[in-house]
Amino acid sequence: MSQGGTSIPDEEWERFLREAGAGSAGAPQEPSARARMVTRRLREQPGPPEGWRTYRPARRRRGKGWYVLGLAAAVALLVVALVPGLLVGWFGGGDGADAPRAAGETQRPDGPPAQEAAGRLPTPDRPFSGSPAAGWADGTAGIHLPAARATGWMSRSEVEQALDRTRDFLAASSLDRAVLRGERPSGAMALIDPHQSDVHEFIEKAFRAPDRENDPLLLFSRFRPSDVRPAGDVVRTRGRISFREGERDAVEVSTDVTYVYPVVRAEAGSDEVVRTVVRREVVLSWNDPAKGGVEPGTFSLVSYKVDATNGGCDNTYTGYFTPVFGAERAATGAGDGAVVDPYDRSTPVGERMREAGDAGCGTATPSGGRAVPPTPAALAVT
C-alpha cells in the first residue's frame, strides 16, 4: 500500500491488523491512509506521543477577536503527532474504558445528542458513563478533517498540510498532557505567527497575571495537579474543522470542538469522577507569505469563543480549571443562571452566549440531566 509515494511493507501492514484485532472486541477496521502514515511516523519517533485532557464547572467566555492580514520571520514548528486511540494520560499510560463508537462530525447537528445510559454514574474504570461522550472518539480521532482542495493561495497539498497543522494546534492547546497539568503551551504558541504581537502579549499576560480579560483558559486547557488527576487515560472529543477562502487569498480555517475531561481529586484513594466539558470555536488564517508580513508555516489567530462546564463558577481567575465535586455541589446548589446542556453542539457558542447573557452561574444538565445531578455552570461573557 502507498500514500504520497511512501509504501508500507506487507509484514508491517499484517502486524498492524493483528494488533488492531487483539485490541478490539469486533472485527478490526482498516485505518485511513492518514492514520497509517501517522502511525508509521509515531514508530519512528523516540518516546511516547503527547496527549491528554481535563474538566471543570460550566464557564462561558467570549474571547476577543483579531483580524490580521499578515506578518513575518522564521520559527521552528513543534508538531504534535497524535495517533487516534493512542493518547496517554497526564502522568503516563494505562487502559481506557467506555469504548468510543463515533468519530468527528461532518456538519452541525440538528439537536442535542441522545442521553447515554440514563442513571449510570461515572467511575474511574468508566469515566464517561452516563454521558454522550461514552460514544465519542478519543483525542484527535474525534475531530473531523474535511477533504482538502486548492483554495486561495494554497494548492490542495498545502491546504491539507494547513489542516493537519490546525489540528496539531488543537491537540497542543487542549490535549497535550504537559499543558493539561499546567505547563506552558510552547508547541501551540510556536504555530501562532510570532509577529502577531497582540496575541502573544495577551498570552504572556494571561500566564503572568490571569484575569477576566486575560485568561489562558480561553485558549488552553489546564488543571492544577495538586487539585485533580485524570480519571482514565483519554479525553473524549467531538467536533470538526472547515475552511474557506479569506481576505487577500488567505485560507481561513474554522474549528469547533468539544473536549470532555474526566478527573478525580488529587488525594490518594479518591474515586469520585466528575467531568469538565470545554467547547472552543477558534478561527485562524493561513496567510500568503509572498504578500509579505507572514511567517511561513504559522497562522494568525482571528477569533475565539469558549463555553466551559464544571471548570470554576466564580470571579476568581487562577488560570486553571477547578472542577466541583459532589460535596461542594451539594453545598452551593444550582446556579441562578441559564440551564445548559454542555454536550449540545447544535447551537453556535456565540448564540448560546447571547441567549444566556452575562448570567453568572447557571445549571448544567447534560442531555436532559437524567444521568447525573445538575452541575453548577459558570456563564461568563467577556
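Tell me whether segment 241-250 contains one or more residues that are surrounded by fewer than 24 Cβ atoms within 10 Å (Cβ to Cβ), under 17 Å from the mean Cα position of the chain (by Cα) and over 23 Å from A206 (Cβ atoms).
Yes, the conditions are met somewhere in segment 241-250.
Does segment 288-327 hold any residues that are closer than 22 Å to S155 by Cα, of a type outside the set (A, V, I, L, M), open to solvent by less than 10 Å² (accessible area, probe 1.4 Å) and at pLDDT 95 or above, and which are they?
T298, F299, S300
So L191 clears everything in (1) in contact with an Asp or Glu (Cβ under 9 Å, 6 or more places away or on another chain); (2) open to solvent by 10 Å² or more (accessible area, probe 1.4 Å); (3) closer than 15 Å to T298 by Cα except one condition, right? Which one?
For L191, the exception is condition (2).
Could you please find all residues in segment 152-171 being open to solvent by less than 30 Å² (accessible area, probe 1.4 Å) and either among the charged types (D, E, K, R) or closer than 21 Å to R108 by Cβ (or both)?
Keep residues of segment 152-171 that are open to solvent by less than 30 Å² (accessible area, probe 1.4 Å), which gives 154, 159, 162-163, 166, 168-171.
Residues satisfying the conditions are L163, T166, D168, L170.
Could you go through segment 354-366 and let me know if any residue there is over 23 Å from the mean Cα position of the chain (by Cα), modelled with pLDDT of 70 or more, farther than 18 Å from V274 by Cβ and not in a loop (DSSP other than H, G, I, E, B).
Among the residues of segment 354-366, not one is over 23 Å from the mean Cα position of the chain (by Cα), modelled with pLDDT of 70 or more, farther than 18 Å from V274 by Cβ and not in a loop (DSSP other than H, G, I, E, B), which makes the answer no.
Quick one: R212 ticks every box in (1) open to solvent by less than 60 Å² (accessible area, probe 1.4 Å); (2) under 22 Å from T309 (Cα atoms) except a single one, so which number is it?
Against the list (1) open to solvent by less than 60 Å² (accessible area, probe 1.4 Å); (2) under 22 Å from T309 (Cα atoms), R212 comes up short only on (1).
Limited to segment 271-314, what total is found for residues that are more than 18 Å from E213 (Cα to Cα), polar (S, T, N, Q) and assigned to a strand (DSSP E or B)?
Summing the residues that are more than 18 Å from E213 (Cα to Cα), polar (S, T, N, Q) and assigned to a strand (DSSP E or B) in segment 271-314 gives 5.
What is the residue count in segment 194-209 for residues that are open to solvent by less than 10 Å² (accessible area, probe 1.4 Å), without any contact (Cβ under 8 Å) to a residue 60 or more places away in the chain and over 21 Å from the mean Cα position of the chain (by Cα)?
Result for segment 194-209: 0.
Regarding segment 229-247, can at least one residue be identified that is within 30 Å of R156 (Cα to Cα) and modelled with pLDDT under 95? Outline the logic, then answer.
Just the residues of segment 229-247 that are within 30 Å of R156 (Cα to Cα), to begin with: 236-247.
If we keep only those that are modelled with pLDDT under 95 as well, we get 247.
Scanning segment 229-247, I find at least one residue that is within 30 Å of R156 (Cα to Cα) and modelled with pLDDT under 95, so the answer is yes.
Please specify each residue of segment 278-313 satisfying the condition of being closer than 14 Å to L219 by Cα and hydrophobic (A, V, I, L, M, F, W, C).
V278, V282, V283, L284, L301, V302, V306, A308
Cβ-Cβ below 8 Å, separation at least six or inter-chain, first residue in segment 323-342 and among the hydroxyl-bearing types (S, T, Y), second open to solvent by less than 20 Å² (accessible area, probe 1.4 Å) and at pLDDT 70 or above: which pairs?
The qualifying pairs do not exist here.
Just checking, which of P113, P127, P109 is modelled with pLDDT under 90 and either closer than 28 Å to V159 by Cα or surrounded by 24 or more Cβ atoms within 10 Å (Cβ to Cβ) (or both)? Break it down into steps so the answer makes sense when it comes.
Working: P113 fails: either closer than 28 Å to V159 by Cα or surrounded by 24 or more Cβ atoms within 10 Å (Cβ to Cβ) (or both); P127 fails: modelled with pLDDT under 90.
The conditions single out P109.
Suppose the filter is of a type in the set (S, T, N, Q), at pLDDT 95 or above, open to solvent by less than 10 Å² (accessible area, probe 1.4 Å) and closer than 22 Å to F325 by Cα; does S221 pass it? Outline the logic, then answer.
Values: of a type in the set (S, T, N, Q): yes; at pLDDT 95 or above: yes; open to solvent by less than 10 Å² (accessible area, probe 1.4 Å): yes; closer than 22 Å to F325 by Cα: yes.
The answer is yes for S221.
The values are calculated or read from the model by the stated rules, or taken from the named source; none is laboratory data. Here the structure is a predicted model, which is why all the values come from computation and not from measurement. Note: ideal-geometry Cβ built from the backbone for every residue, glycine included; neighbour counts use all protein chains shown. These area figures cover heavy atoms from the full protein model, side chains too; ligands, DNA and RNA do not enter into them. Shrake-Rupley method; radii C 1.70, N 1.55, O 1.52, S 1.80 Å.
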